[in-house]
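Worksheet: the structure to be examined is printed underneath.
The values are calculated or read from the model by the stated rules, or taken from the named source; none is laboratory data. Because the structure is a prediction, the values reported are computed rather than measured. Note that we place each Cβ from the backbone using ideal geometry, even for glycine, and neighbour counts take in every protein chain shown. Accessible surface areas use protein heavy atoms only, side chains included; no ligands, DNA or RNA. Shrake-Rupley method; radii C 1.70, N 1.55, O 1.52, S 1.80 Å.
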Amino acid sequence: MDTSQREQTAAEARAPLSADEVGALAHLYRGEIYRSTVWRTRLDTTTNWSVVTLGVALSISYSSPEASPLPLILVGVLIIFFLMLEARRYRYFNVFRARARWLETHFYTPMLVEGDLHLEEHWQDVLAADYLRPEYHVGVMTAIGRRIRRNYFWILLIQSMAYAGKLAVHPTGVTSWQQALDRADIGPFPGELVLGTGIFYVVLWGGIAWWSAKSDAARASKRKSMTSMG
């Protein structure tokens, strides 16, 4: 019998979990819930920063008809910075959330429904491998797309609408497309370039959100619950 066969036989012969092991898994679940809660709070923090900075930019730009719309453009840099930071935090959060969900699905649910942990399905091996060789369960672009869909879509939408509204109503109602382009001028940069960059900005983040939604749907349809996490 070769090594792989011996390992498979040993895995299939795994004894039922003892009371001490079940208790240890319960404490492990509590720890994963705690860590996912901490990182969930950190996600909310960066979202709050984005909302506050956008609110400040809105207050400045709409403080008077003569106020510049430039703060609404510059705040976009901060919003994207917070989005990148939040996506990084989300990748950590997703690891702990996935582990907790794995335990709920494969440990607590069978225990409550059948009283049998089904160790022959090797769900415990997947969890053990994740602890032995920890890695992110989602990529950077997927994390960015998910955060846009959850929160930043609305933040970016309000920013874009506020900027367009500023050009349309201040200092007086716009009467022509050329007038709107002239109001969009920023120093040496013509309004056409500024608006074109803004359109690219919106399409880029919207495209990432759409791609991540399609990717998540495809991933969910192909996921094998007994062999994958995240």
Fill in the blank from the handout: Matching residues in the range 34-49 (open to solvent by less than 60 Å² (accessible area, probe 1.4 Å) and either farther than 20 Å from Tyr152 by Cα or without any contact (Cβ under 8 Å) to a residue 12 or more places away in the chain (or both)) number 3
Exercise for the section: Report, ordered by the first and then the second residue, all pairs with beta carbons closer than 7 Å, sequence separation of six or more or different chains, a first member in the range 17-28 that is touching a residue at least 60 places away in the same chain (Cβ under 8 Å) and under 13 Å from Met111 (Cβ atoms), and a second member that is surrounded by 10 or more Cβ atoms within 10 Å (Cβ to Cβ) and aliphatic (A, V, I, L, M). Expected result: Leu17/Leu117; Leu25/Leu103
Problem - Residue, surrounded by the most Cβ atoms within 10 Å (Cβ to Cβ), within the range 185-201, restricted to residues that are aliphatic (A, V, I, L, M) and at pLDDT 90 or above - result: Val194
Completion exercise
Taking first residues from the range 134-158 that are under 13 Å from Tyr92 (Cβ atoms) and second residues anywhere that are of a type in the set (A, V, I, L, M, F, W, C) and not in a helix (DSSP H, G or I), the pairs with Cβ under 7 Å that are 6 or more apart or on different chains are His137/Met229
Practice task
Specify which of the listed residues (Val52, Val95, Val77, Val56) is loosely packed, with under 14 Cβ neighbours inside 10 Å and over 18 Å from Ala164 (Cα atoms).
Solution key: Val52
Handout entry: Within the range 113-170, tally of residues that are among the small types (Gly, Ala, Ser) and under 19 Å from the mean Cα position of the chain (by Cα)
Key = 3
